[in-house]
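A short write-up of the structure that comes next.
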Amino acid sequence: MTREEKILKNLYQELEKVHSEAQRNYKEEKIKIDQEELEKRISQSEHLVDFENIEIDKRWLEELFKEYLLALKKFGKENEMLTKKLEDSFERKKLDLEVLIKKVLCSDLNYLRSLAQKLEVEDNDLLFLGLELGKPVFKLYAEKLKGKIEFDNWGKGYCPVCGSHPAMAYLRKDDGKRILWCQFCGTEWSFMRIKCPFCSNEDQNSLRHFFTDEKSPYRVYVCDKCKRYVKTVDQRKIEEEKVLDLGWENLGTFTLDLLAQKDGYSNIGTLFGV
Ligand SMILES: [Zn+2]
Ligand SMILES: [Zn+2]
């Protein structure tokens, strides 16, 4: 592991602790699911919830934001400047946390770019912030909705819970099936191997994958029709005892993002994808 990867891994683990704590503190009654709407969505084979329409508890979110900044500060001098800017922007009401989360969710890159300019931070800093603040609450919703439909039979290229496109995928050890993963709510669902999850392209001539080392468990599947990519872990090639943590895999494989993006592919909505 390189020094950069180590720092990233430590930061990831620190943020995971912040998330778990935040989830424990989120009040059950604040998770509101409209049963009638849910039934309707299920009957129409739609994803289960629109996170853009949910209300996130404000005080809880502010607390999470503060914890996030504290965690970030521990990792490197350059983060001190960033956290100060974010703190000030929030105090001066230039940064609305809930709006940011929802703009990241719908990949509103214009919004993110112009806000980043205004706050004098990087686009990716805001993308990361919005994602990290949204994840704990989205995951609580996903847990509550688990079992409402069979995720293995969903068959669509977007998340059965929230409708987002996958940030990552893995080839399941037990049956070799391709499982897609949603970075927002953590949901996993199976999807055809030779089909693009973004544009549903099934033409074998425009779908391929590449890897940096044949023995490596990591591959990148690309679609030449829509120019998108999805990083994939082959679970059969990782050590038996290793638990697959896709949140970490997604961050830790950023060099693959850079490679794919250099070749003109994008996976809008994922980190480094701007
Ligand atoms: Zn999702
Ligand atoms: Zn495609």
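The values are calculated or read from the model by the stated rules, or taken from the named source; none is laboratory data. Predicted model, so just to flag it, every value in this text is computed and none were measured. Here Cβ is always computed from backbone atoms with ideal geometry, including for glycine, and neighbour counts include all displayed protein chains.
Kindly indicate which of VAL104, VAL161 is in contact with a helix residue (DSSP H, G or I) (Cβ under 8 Å, 6 or more places away or on another chain) and within 12 Å of ligand 1 (Cβ to nearest atom).
Values: VAL104 fails: within 12 Å of ligand 1 (Cβ to nearest atom).
Answer to the check: VAL161.
Condition check: part of a loop (DSSP other than H, G, I, E, B) and modelled with pLDDT of 95 or more. Does LYS85 satisfy that? Quick ask: steps written out before the conclusion?
Numbers: part of a loop (DSSP other than H, G, I, E, B): no; modelled with pLDDT of 95 or more: yes.
Judged against the criteria, LYS85 is not a match.
Looking at (1) surrounded by 18 or more Cβ atoms within 10 Å (Cβ to Cβ); (2) in the same structural domain as ARG24 (by TED's automatic domain parsing), which is the only condition PRO166 fails?
(2)
Checking VAL230 against (1) out of contact with any Pro (no Cβ under 9 Å at 6 or more places or on another chain); (2) under 24 Å from LYS135 (Cα atoms): exactly one of these is not met. Which one?
(1)
Could you list, in sequence order, the residues of region 137-155 that are under 17 Å from LEU64 (Cβ atoms) and among the β-branched types (Val, Ile, Thr)? Talk me through it step by step, then tell me what you get.
If we filter region 137-155 for residues that are under 17 Å from LEU64 (Cβ atoms), which is where we start, we get 137-141.
Listed by number, the list holds a single entry, VAL137.
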